[in-house]
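*Asks:* Structure provided below as structure tokens; questions to follow.
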Amino acid sequence: MTRQNGQAACAVERPDPNWVRGVCPQCGEELVSNSYYVGGRGYLVIWECWASLEAAPTCDYRRVL
């Protein structure tokens, strides 16, 4: 996940409200929607805990839709 200027998003920042899909059932942080391209197959939509996207993750919750 990157910001517009190309720098990685940092855990101190909060996610864009348009990405938030709810609250993580494991830790209570925001649950954000991300899409990942899988070569030749298309995109996977994954809801991930915001805390799992830190440099040192404190949660590992992910749900593939």
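The values are calculated or read from the model by the stated rules, or taken from the named source; none is laboratory data. Everything numeric here is computed off the predicted structure, so don't read it as measured data. Because the Cβ atoms are built from the backbone with ideal geometry, glycine has one as well, and the counts that use them run over all protein chains shown. SASA here: full protein model, heavy atoms, side chains in, ligands and nucleic acids out. Shrake-Rupley method; radii C 1.70, N 1.55, O 1.52, S 1.80 Å.
*Asks:* Can you spot a residue in the range 33-51 that is among the aromatic types (Phe, Trp, Tyr), under 12 Å from the mean Cα position of the chain (by Cα) and in a strand (DSSP E or B)?
*Replies:* The answer is yes; a qualifying residue exists.
*Asks:* Turning to a different aspect of this structure: Which ones in the range 37-53 are open to solvent by 50 Å² or more (accessible area, probe 1.4 Å) and out of contact with any Phe, Trp or Tyr (no Cβ under 7 Å at 6 or more places or on another chain)?
*Replies:* VAL38, GLY39, GLY40, ARG41, VAL45, TRP47, LEU53
*Asks:* Let me ask another. Please identify the pairs in which a residue from the range 46-65 that is within 17 Å of TYR36 (Cα to Cα) and among the acidic types (Asp, Glu) has its Cβ atom under 8 Å from the Cβ atom of a residue that is open to solvent by less than 100 Å² (accessible area, probe 1.4 Å) and in a loop (DSSP other than H, G, I, E, B), counting only partners at least 6 apart or on another chain.
*Replies:* Matching pairs, first to second residue: GLU48/TYR61.
*Asks:* If I ask for residues that are open to solvent by less than 90 Å² (accessible area, probe 1.4 Å) and among the β-branched types (Val, Ile, Thr), which ones from the range 9-36 would you list?
*Replies:* VAL20, VAL32 - these are the residues of the range 9-36 that are open to solvent by less than 90 Å² (accessible area, probe 1.4 Å) and among the β-branched types (Val, Ile, Thr).
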